[in-house]
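Here the structure is laid out as structure tokens; the discussion comes afterwards.
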Amino acid sequence: MRALARYRAMVTTPLIDDDALDDLEREFVGRVRGRVLEIGAGDGANFGAFDPDVQWQGLEPDAKRRAELATRAREWKHEAVPLDAHAERIPLPDASVDAVVGTYVLCSVGDPAAALAEVLRVLVPGGRVVFVDHVLAPPRTLKRAVQRVATPISKRVCHGCHWDRDTERTLAEAGFIGRDIRRLRVRSMPFGPVPMLLFDGRAPGGVEA
Ligand SMILES: C[S@@+](CC[C@H](N)C(=O)[O-])C[C@H]1O[C@@H](n2cnc3c(N)ncnc32)[C@H](O)[C@@H]1O
């Protein structure tokens, strides 16, 4: 019975390619408005996706990436200088941003629960979050076994990247309320599709729109 449920989950989870994933990511990132904090912004891959009117503030702990991010932020006419910080300790006041974005970051942070607690603290009540990440594959699949084996290595060589995080659960445990949750699989070789999560949600509280 469980095997059947796993099979059903697999075949009903849409299978897409990288280009379709890029389009969806851009669409999700483009939804945020107002004062936006982007955690683990890397070298600024998301700049083209933001609404032109957002007041962007980046956060990036890696010095080399942060320098590149600062250059690109200026090119995109964002005034704020990227913060030299980890998401587990965000140097911003409580309730000071309207939205938080993180793409491929919750796989990388040392302590996702602590990072999300900080995200909640800096968000206004009811503030928006958009997260995109690769996530843990279903139990008893080859993909999950590969993720478990690969993670100790990827943690060391890929900016702390964990392949085996159940990010949807961590977001729920942190108190975020999903509004548009997409669970997808992206074509990949040789170990089969990568499970992905796109999460557009809200912090608790605030006024319902
Ligand atoms: C895979 S990259 C993604 C970069 C960018 N968001 C993107 O989509 O291209 C992960 C980023 O998270 C950053 N990072 C790692 N640990 C972090 C932490 N604790 N808090 C915030 N960012 C972190 C890394 O330096 C890196 O730039």
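The values are calculated or read from the model by the stated rules, or taken from the named source; none is laboratory data. None of these values were measured; they are calculated from a predicted model. Using ideal geometry, Cβ is built from the backbone for each residue, glycine included, and neighbour counts are taken over all protein chains shown.
Descriptive notes on the structure:
- Of residues in the range 108-158 being within 30 Å of Val97 (Cβ to Cβ) and hydroxyl-bearing (Ser, Thr, Tyr), the one farthest from the chain's Cα centre (by Cα): Ser154
- Condition check for Ala41: in contact (Cβ under 8 Å) with a residue 24 or more places away in the chain, surrounded by 14 or more Cβ atoms within 10 Å (Cβ to Cβ) and in contact with a Pro (Cβ under 8 Å, 6 or more places away or on another chain): yes
- Counted residues, the range 92-103 - those being crowded, with 17+ Cβ neighbours inside 10 Å, farther than 13 Å from Leu59 by Cβ and either aromatic (Phe, Trp, Tyr) or over 14 Å from the mean Cα position of the chain (by Cα) (or both): 1
- Of all residues in the range 31-53 being touching a Gly at 6+ places or on another chain (Cβ under 7 Å) and away from the ligand (no atom under 12 Å from the Cβ), the one that is nearest to Phe131 (Cα to Cα): Phe50
- As a summary of the residue check, Arg72 satisfies the conditions (1) within 11 Å of the ligand (Cβ to nearest atom); (2) surrounded by 14 or more Cβ atoms within 10 Å (Cβ to Cβ); (3) basic (Lys, Arg) except for the one numbered (1).
- First in the range 1-27 and farther than 24 Å from Val130 by Cβ, second anywhere and assigned to a helix (DSSP H, G or I) and at pLDDT below 85, Cβ under 9 Å, 6 or more apart: none
- Residues of the range 135-162 that turn out to be assigned to a helix (DSSP H, G or I) and out of contact with any strand residue (DSSP E or B) (no Cβ under 8 Å at 6 or more places or on another chain), as a count: 15
- Flag if Ala95 is assigned to a loop (DSSP other than H, G, I, E, B) and in contact with a helix residue (DSSP H, G or I) (Cβ under 8 Å, 6 or more places away or on another chain): yes
- The condition (being of a type in the set (Lys, Arg), in a loop (DSSP other than H, G, I, E, B), within 16 Å of the ligand (Cβ to nearest atom) and over 28 Å from Asp19 (Cα atoms)) is satisfied by just one residue among Arg89, Arg121: Arg89.
- Residues satisfying the stated conditions in the range 163-193, i.e. assigned to a loop (DSSP other than H, G, I, E, B), under 16 Å from the mean Cα position of the chain (by Cα) and surrounded by 16 or more Cβ atoms within 10 Å (Cβ to Cβ): Trp163, Asp164, Arg165, Phe176
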